[in-house]
Structure formats: C-alpha cells, structure tokens
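Read the structure below first, then the notes.
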Amino acid sequence: MKLSDEFIQDILKKVPGSKKAAEGVLLPTEDGYFHLRGMTPKKETEGLSNEERFFSPFCSKKKRKVADTH
C-alpha cells in the first residue's frame, strides 16, 4: 500500500533528518538511509508467517499462502 502524503508529512515532522523521496520517505540510519515506500495494514498480515509476510508488498494474502507452500 502506497504511503499517503499525510503519513509522509507526519514522519517528516517527527523523524529528524528524514527526507521526502520521489516515492515514500528516506529515514536516516548510521549507515545511510532506509527507504520506506509502502506499508501493509495489520489486518492483511494477521496469521501469516514471516516467510509469507515477505510477499505482502506484491501478493494478495491468498497468493502469499500458496507461495509459501512451494
């Protein structure tokens, strides 16, 4: 799920050194920046294993279950 402009603005206000990116927001770390581009709602990941959550940004919950069985 794409980050809303409101969510990005909230991060920019709360996280010192954060920067707006072409897509999402950059969060500073000791080694560089962490690029936050999207977020998956909790309800879409409930009951999934860590392996299944990996597919959250680009697969439906049903497809993630199938992908984990292969």
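The values are calculated or read from the model by the stated rules, or taken from the named source; none is laboratory data. Quantities reported herein were computed from a predicted structural model and do not represent experimental measurements. Positions of Cβ are backbone-derived with ideal geometry, glycine not excepted, and every protein chain shown enters the neighbour counts.
Note on the stretch 33-53: among residues that are closer than 17 Å to Ile11 by Cβ and either polar (S, T, N, Q) or not in a loop (DSSP other than H, G, I, E, B) (or both), the one that is modelled with the lowest pLDDT is Thr40. On the stretch given as the stretch 1-32, residues that are modelled with pLDDT under 95 and among the hydroxyl-bearing types (Ser, Thr, Tyr) total 1. The set of residues in the stretch 1-32 that are among the aliphatic types (A, V, I, L, M), surrounded by 13 or more Cβ atoms within 10 Å (Cβ to Cβ) and in a loop (DSSP other than H, G, I, E, B) comprises Leu3, Val15, Ala21. The set of residues in the stretch 38-59 being exposed (fewer than 12 other Cβ atoms within 10 Å of the Cβ) and either touching a strand residue (DSSP E or B) at 6+ places or on another chain (Cβ under 7 Å) or in contact (Cβ under 8 Å) with a residue 24 or more places away in the chain (or both) consists of Pro41, Pro57.
If you go through the stretch 54-63 and keep only what is modelled with pLDDT under 65 and either part of a loop (DSSP other than H, G, I, E, B) or under 16 Å from the mean Cα position of the chain (by Cα) (or both), you end up with just Lys61.
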